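Only one structure is covered here, and it is reproduced in the block below.
Only the coordinates and a few stated rules stand behind these numbers; no lab work does. This one's a predicted model, so the numbers in the text were calculated from it and none came from an experiment. Cβ placement follows ideal geometry from the backbone for every residue including glycine, while neighbour counts extend to all protein chains displayed.
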Amino acid sequence: MKDSLGAYNIADLREMARRRLPKGVFEFVDRGTEDEVALRNNRTAFERIKLKPRVLADVSRRSQATTLFGKKQDMPIMIAPTGTAGLLWYDGEVGMAKAAAAAGVPFTVATNSMTSMETIAERAGGRLWFQLYMWSDRSLSHKLVERARGVGFEALIVTVDGAVSSNREYNHRNGFEVPIRFNARNVIDVMKKPGWLAAVFLRQLLTKGMPRFENYPPEIMATIVDKTFKKSILKNDSLNWEDIKALRKIWPGPLLVKGILHPDDAALAAEHGADGVIISNHGGRNLDSSMAPIEVLPEVVDRVGGRTTVIVDSGFRRGSDVVKALALGANAVGIGRATLFGTAAAGEPGAVRAIAILREEIDRIMGLTGASSIDQLNRDILHVAALGDDTGGRSPAGFEQRRLAQTA
Ligand SMILES: Cc1cc2nc3c(=O)[nH]c(=O)nc-3n(C[C@H](O)[C@H](O)[C@H](O)COP(=O)(O)O)c2cc1C
């Protein structure tokens, strides 16, 4: 159903975001990395999974409620960490967190948030999870974890899919890299969007100053234009499984490892004390040509599901995508850009709209596939001709699978 914003679906919200934001900001949110193979595949992977509906199943009392870490919630989603909502809309992070709280779903505050974890907790409330990027100086990271614990965050997510920085060439071209350096190109981009300039950027400058990474400790605190921004401190290529063990010791609540694609790593995460894994390729933003999380999900669920909470994200834009993931065994789905597009389009009401669109679509797909509850979604309603095989079985991998099947 179209609403007062004029958005029927997430693609409409994306288009509204594209029209409002300077090109550099929009592309920072929207695009992937290098040739964007992973970004495209995150979407096409869903198209390879078809639905095989059941009918005459009396779906008059449908519910998409589920339980995550012992708490009931009305929808099977969580809002994934995204650091930059504050650049999309004035107070965007608070608006997005409020939208999540209103829907009763967890909202994840990112290490790189432009609004501090304390402010979000105070102004939005709701179920708050904290996402950690480990710095090379472990003690700084551990202090941040203690801070999140003090604020009362429910769960801790440690993101592990950025051992080295990704290659986002469009950011270089657009001059949208931290520290941001103003040049003719990005200044012209911004001038073309006077609405955003006045309502977001200038308002931020006048009321709070240049956007900063508000969760950073004083030692490394920096604004997005500071030349002193110490990139070296963000370097975390020495991160290893011992770090997960160490976090387990200092974090008593649910601990999730985000950015896992290999089933062996999901098993290792569980062995090192994680309560959950987030199967993710960072929305196609880090490693190009990485598999779509939905493609590896069944293997991960078969490996660690039951003993470990399995959340999946990357590319979810329709309720049917969510239903497919749940039917493959995910406990919940992480939403990244969908709520960011909503926020960029209209602030808090836009984020509310994004969540409402997903809720309506999940409900419709459940009704049309014959499911009254999340428990009733299983692989029986899916037709997966060649999951993980783009060529429909003609690729070397597909050939190998057939050969093994024949010789078995
Ligand atoms: C603009 C943007 C910023 C992001 N920032 C972070 C971050 O700070 N930490 C993190 O773990 N993931 C971050 N992500 C990845 C998301 O948490 C999530 O994995 C991804 O957006 C899911 O894909 P989707 O956008 O297609 O839903 C970011 C994603 C976007 C689009």
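Within a straight-line Cα-Cα reach of under 18 Å, Lys227 can be paired with the following lysines, leaving aside sequence neighbours fewer than 8 residues apart in one chain: Lys235. The calculated pair-distance distribution of segment 10-397 uses every alpha carbon pair, bins of 20 angstrom beginning at 0, and gives 28, 60, 11, 0 percent. Sorted ascending by nearby beta carbons within 10 Å, beginning with the fewest, Leu377, Leu255 become Leu255, Leu377.
Under 1.5 on a/c is rounded, so check that first for segment 108-244, then, if it is not, pick prolate when a/b is larger than b/c and oblate when it is not; a ≥ b ≥ c are the square roots of the alpha carbon gyration tensor eigenvalues. Note, shape of segment 108-244 comes out oblate.
Candidates Pro53, Tyr170, Ile250 compared by Cα position along the dipole of segment 10-397: farthest toward the positive end lies Tyr170, with charges placed on Cβ.
Based on DSSP H segments of at least four residues, each scored -39500 (n - 2.57), the chain has a per-residue ellipticity at 222 nm of -12500 deg cm²/dmol. Summing +1 for each Lys or Arg and -1 for each Asp or Glu, what net charge is found among the other residues whose Cβ lies under 14 Å from the Cβ of Gly104? Counting the neighbours of Gly104, the net charge comes to +3.
In this Cβ point-charge picture (+1 for Lys and Arg, -1 for Asp and Glu), the chain has a dipole of about 780 debye about its Cα centre. In terms of distances greater than 31 angstrom between alpha carbons, the cross-link table entries Lys2/Lys192; Lys50/Lys258; Lys50/Lys193 yield Lys50/Lys193.
What order do you get for 47-56, 264-273, 320-329 when each peptide is scored by the mean count of other beta carbon atoms within 10 Å, highest first? Numbers along the way, then the final one.
Details: 47-56: 12.5, 264-273: 18.0, 320-329: 24.9.
Going by the mean number of other Cβ atoms within 10 Å, highest first, we get 320-329, 264-273, 47-56.
Simple rule: put +1 on each Lys or Arg Cβ and -1 on each Asp or Glu Cβ in segment 191-330, find the dipole, and look at Phe316, Met210, Gly306; the Cα lying farthest toward the positive end is Met210. Listed by chain and number, the lysines whose alpha-carbon sits under 26 Å from that of Lys52, ignoring those within fewer than 8 places in the same chain, are Lys324.
From most to least packed by mean Cβ count within 10 Å, the peptides 274-281, 304-311 give 274-281, 304-311. Each 10 Å bin from 0 upward holds the following percent of the Cα-Cα pairs of segment 178-244: 17, 37, 29, 13, 5. Each other residue within a Cβ distance under 12 Å of Val304 adds +1 if Lys or Arg and -1 if Asp or Glu, for a net charge of -4. The residue among Ala155, Ala11, Leu39 whose Cα reaches farthest toward the positive pole of the charge dipole of the chain, with charges on the beta-carbon of Lys, Arg, Asp and Glu, is Ala11. Counting only residues at least eight positions apart within a chain, or on another chain, the lysines with an alpha carbon under 19 Å from that of Lys98 are Lys71, Lys72.
Neighbour counts of C-beta atoms inside 10 Å place Arg359, Arg14 in the sequence Arg359, Arg14, starting with the fewest. Taking a ≥ b ≥ c as the square roots of the eigenvalues of the Cα gyration tensor of segment 111-167, is the shape rounded (a/c under 1.5), prolate (a/b larger than b/c) or oblate? Note, shape of segment 111-167 comes out prolate.
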